[in-house]
Amino acid sequence: MEDIQSKKQRLLDCPVIAAVKDEAGLQQALQSECEVIFLLFGTVLSVAGLVQQVQAAGKLAIVHIDLVDGLSQREVAVDGLARMCAPDGIISTKPTLVRRARHLGLLTVQRAFILDSLALSNLPAQLGVGKPDFIEILPGIMPRVIAEITQTTSTPVIAGGLIKYKEEVMAAMRAGAAAVSTTCPAVWAM
């Protein structure tokens, strides 16, 4: 079984992450060269099968726990997900869920929507609670904001949301992003 440090390194070594929001996207992602898949859909009845497909393909399965239909937004949901399907990690906008996942030995991604200066100024407090392995910043097409965040934290940043073109990937990486996540299959092939 792969340890958390190895999983972090895999993500950093293959910085384009396939984010999938339906079964068709999952099938494309499984055929891609992406080493990491963000599962942005599922139910308590289907998530175990989705994780199993990803892991059987030799890829890391990171489940966006907030988007799994039928799970509560409480820490016990992290325990349930871990026991139910043993994902490699979770994504959440909830710092307490990230903290619980970290305690369980899962790779953790704190998702943050940076909509204005207030959201940006609240980010350090959120990160202090969850202490995630990675921060996913949305939308990911804000190089100036990505640069500002990477200069103020040692937590690696993933740029996500609205990334469709090579130029946007390169701008995010130049700004300091460690990786990008996207639902766009054309970017998965970069």
Condition (residue is buried (at least 19 other Cβ atoms within 10 Å of the Cβ), modelled with pLDDT under 95 and either under 20 Å from Leu11 (Cα atoms) or β-branched (Val, Ile, Thr) (or both)) applied to the range 112-132: is it met by at least one residue? yes
Residue list for the range 57-98, restricted to those being within 25 Å of Thr182 (Cβ to Cβ), among the small types (Gly, Ala, Ser) and touching a helix residue (DSSP H, G or I) at 6+ places or on another chain (Cβ under 9 Å): Ala57, Ala61, Gly89, Ser92
Regarding the range 59-67, can at least one residue be identified that is under 24 Å from Thr155 (Cβ atoms) and out of contact with any strand residue (DSSP E or B) (no Cβ under 7 Å at 6 or more places or on another chain)? yes
Please go through the range 93-107 and pick out each residue that is among the small types (Gly, Ala, Ser) and in contact with a Pro (Cβ under 9 Å, 6 or more places away or on another chain). Ala101
Scan the range 42-100 for residues that are of a type in the set (S, T, N, Q) and modelled with pLDDT under 95 and jot them down. Ser72, Gln73
Would you be able to tell me the number of residues in the range 10-27 that are under 17 Å from Lys166 (Cβ atoms) and not hydrophobic (A, V, I, L, M, F, W, C)? 1
Restricting to the range 157-179, name every residue that is surrounded by 18 or more Cβ atoms within 10 Å (Cβ to Cβ) and within 22 Å of Lys8 (Cβ to Cβ). Val157, Ile158, Ala159, Gly160, Gly161, Ile163, Val169, Ala172, Ala175, Ala177, Ala178, Ala179
Among the residues in the range 51-60, are any within 13 Å of the chain's Cα centre (by Cα) and buried (at least 21 other Cβ atoms within 10 Å of the Cβ)? yes
Quick one: what pairs do we get from the range 65-85, first residue closer than 19 Å to Val20 by Cα, second not hydrophobic (A, V, I, L, M, F, W, C), C-beta under 6 Å, 6+ apart or different chains? Ile65/Ser92; Asp66/Ser92; Asp66/Thr93; Val68/Gly42; Asp69/Thr43; Gly70/Thr43
What are the residues in the range 10-54 that are touching a residue at least 12 places away in the same chain (Cβ under 8 Å), farther than 24 Å from Val157 by Cα and among the polar types (S, T, N, Q), if any? Gln28, Thr43, Gln52, Gln53
Residues being surrounded by fewer than 13 Cβ atoms within 10 Å (Cβ to Cβ) and in a helix (DSSP H, G or I) - total across the range 180-190: 1
Filtered residues of the range 61-100 (kept if out of contact with any Leu (no Cβ under 6 Å at 6 or more places or on another chain), closer than 20 Å to Lys131 by Cα and of a type in the set (D, E, K, R)): Asp66, Arg74, Glu75, Asp79, Lys94, Arg99, Arg100
Over 14 Å from the mean Cα position of the chain (by Cα) and within 24 Å of Val16 (Cα to Cα): does that describe Val145? yes
Buried (at least 24 other Cβ atoms within 10 Å of the Cβ) and either touching a Ser or Thr at 6+ places or on another chain (Cβ under 7 Å) or not acidic (Asp, Glu) (or both): is that true of Val76 in this structure? no
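The values are calculated or read from the model by the stated rules, or taken from the named source; none is laboratory data. Just so it is clear, the structure is predicted and the values come from calculations on it, not from any experiment. Every residue, glycine as well, gets a Cβ built from its backbone with ideal geometry; the counts of neighbours run over all protein chains shown.
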